[in-house]
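Report on one structure; see the data block that follows.
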Amino acid sequence: MTDPNAGGAGSAARRAELAANLAALNTRIAAACASTGRSLTELTLIAVTKTFPSSDIDLLVELGIADIGENRDQEASRKVDELTATWREPAHRRIRWHFIGALQTNKAASVARYAALVHSVDRLRLVDALATAAERRATPLRCLVQVNLDLTPARGRAGAMPDEVAALAAAIAAAPSLELAGVMAVAPLGGDANQAFERLATVAQAVQRDHPQAAVISAGMSGDLEQAVANGATHLRVGAALLGSRAHAG
Ligand SMILES: *Cc1c(COP(=O)(O)O)cnc(C)c1O
């Protein structure tokens, strides 16, 4: 269930905290746009709510957030169900759910039920699983190819290697139940985010040469959104800067 104290003092304090965080974040994003000559209208802010309760999603929606990111299907499904049961405003019905985490093929059917955009497509077997699952949807499931930007070989980080991206993009584009929307990446831990996102921009350009509609570049988190904006990001995935630090690594 959502917070049983919704509307009470705890909720008012949390609402004020989220509103202050959102105002500070919007100032940061506006500054990043101004210093790189980009327009705010090119950017979509995704609030990454993993590990936080659905009552926080409720408050974020009230504050004008429309895009919510989750990285585990079990947690995301639970929150979708909780919010569906407690929707009070039309705004809640317009939430776009973004699936941003490692995705197992046996979870594809569940994710295809609620996701507006899957950011983490990194292998052909997952394309097949999502394509089958999405046949039951009213609209095609939009997908991003997740790109591994880590130059250190075999570190086991998520994402397709850059030379695998074209084949994955083609497979998504060829599936009638899927729509290729672009690319996504996480900057390597401890690396230079600017250089990483430059490489992502190059990969994105190559994808767009073959698929002009695939214009989404999902890049940038709390710690590196400026570098992402400087390198053409269209979607920012922000957790901690908006919701506070997570109790456990998520
Ligand atoms: C958790 C997560 C984010 C948000 O990270 P913050 O540092 O909390 O902003 C973004 N993208 C992915 C894939 C994540 O798992």
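In debye, nearest 20: dipole of the range 124-234 around its Cα centre with unit charges on the Cβ of K, R (+) and D, E (-)? Walk me through the intermediate numbers first.
On the way: 8 positive and 11 negative charges, 61 e Å.
So the magnitude is around 300 debye.
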- Task: Take the alpha carbon gyration tensor of the range 147-198, find the square roots of its eigenvalues, order them as a ≥ b ≥ c, and report rounded if a/c is under 1.5; if not, report prolate when a/b exceeds b/c, else oblate.
- Result: prolate
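Would you rank THR41, THR86 by solvent-accessible area, highest first, keeping every protein chain in place and using a 1.4 Å probe? It would help to have the intermediate numbers written out before the result.
Working: THR41 125, THR86 30 Å².
Order by accessible area, largest first: THR41, THR86.
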- Quick one: which residues, 5+ away or cross-chain, put their amide H under 5 Å from the amide H of ARG142? H built at 1.01 Å from N. VAL118, GLU179
- Nearest 10 degrees, 0 to 90: helix 9-36 Cα axis against the chain principal axis: 40 degrees
- Query: With the dipole of the range 158-250 worked out from charges on the C-beta (+1 for Lys and Arg, -1 for Asp and Glu) around the Cα centre, which of MET161, ALA181, ALA171 lies farthest toward the positive end?
  - Reply: ALA181
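If the only charges are +1 at each Lys and Arg Cβ and -1 at each Asp and Glu Cβ, what is the size of the charge dipole of the chain around the Cα centre, to the nearest 20 debye?
Numbers: 25 positive and 25 negative charges, 64 e Å.
Here the size comes out at about 300 debye.
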- Evaluate the Kirkwood expression for the hydrodynamic radius of the range 72-221, namely the inverse of the mean inverse distance over all pairs of different C-alpha atoms, and round to one decimal in Å. 15.9 Å
- Task: Would you list the P(r) distribution for the chain, with all Cα-Cα distances sorted into 10 Å bins from 0 and each bin expressed as a whole %?
- Result: 7, 31, 36, 21, 4, 0
- the range 18-96: radius of gyration over Cα atoms, expressed as a fraction of 2.2 N^0.38 Å: 1.21
- Item | the chain - accessible surface per residue (Å², probe 1.4 Å) | 47 Å²
- Using only C-alpha positions, report the orientation-averaged shadow area of the convex hull of the range 150-250, nm², one decimal. 7.4 nm²
- What is the Cα convex hull volume of the range 26-152 when expressed per residue in Å³? 148 Å³
- Query: What does the helix-only formula give at 222 nm for the chain: each DSSP H stretch with n ≥ 4 adding -39500 (n - 2.57), the total divided by the residues, and the result rounded to the nearest 500 deg cm²/dmol?
  - Reply: -13500 deg cm²/dmol
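Please give the charge dipole size of the range 55-151, origin at the Cα centre, charges +1 on K and R Cβ atoms and -1 on D and E Cβ atoms. Round to the nearest 20 debye.
Values: 14 positive and 14 negative charges, 79 e Å.
I would put it at about 380 debye.
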- Projecting the Cα atoms of ALA204, LEU22, VAL80 onto the charge dipole of the chain, where Lys and Arg contribute +1 and Asp and Glu -1 at Cβ, the residue farthest towards the positive end is VAL80
- Query: Measuring from label point to label point, each 7 Å out along Cα→Cβ, what is the ALA12 to ALA66 span in nm?
  - Reply: 3.1 nm
- How far is helix 73-86 tilted, in degrees, relative to the longest principal axis of the Cα atoms in the chain, given as a value from 0 to 90 rounded to the nearest 10? 40 degrees
- Given springs between every Cα pair under 10 Å in a Gaussian network model of the chain, which of LEU200, LEU189, LEU126 has the largest fluctuation? LEU189
- Using modelled backbone amide H atoms (1.01 Å from N, in-plane), which distant-in-sequence or interchain residues come within less than 5 Å of MET184's amide H? VAL145, GLN146, VAL147, SER218
- Stretched out fully, how many nm does the piece from GLU42 to ASP128 gain, at 0.36 nm a residue minus the Cα gap? 27.9 nm
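The values are calculated or read from the model by the stated rules, or taken from the named source; none is laboratory data. As the structure is a prediction and not an experimental result, all values here were calculated from the model. Positions of Cβ are generated from backbone atoms using ideal geometry, with glycine treated the same way; all protein chains shown enter the neighbour counts. When the accessible area is computed, the model is the full protein with side chains, heavy atoms only, and any ligands, DNA or RNA have been set aside. Shrake-Rupley method; radii C 1.70, N 1.55, O 1.52, S 1.80 Å.
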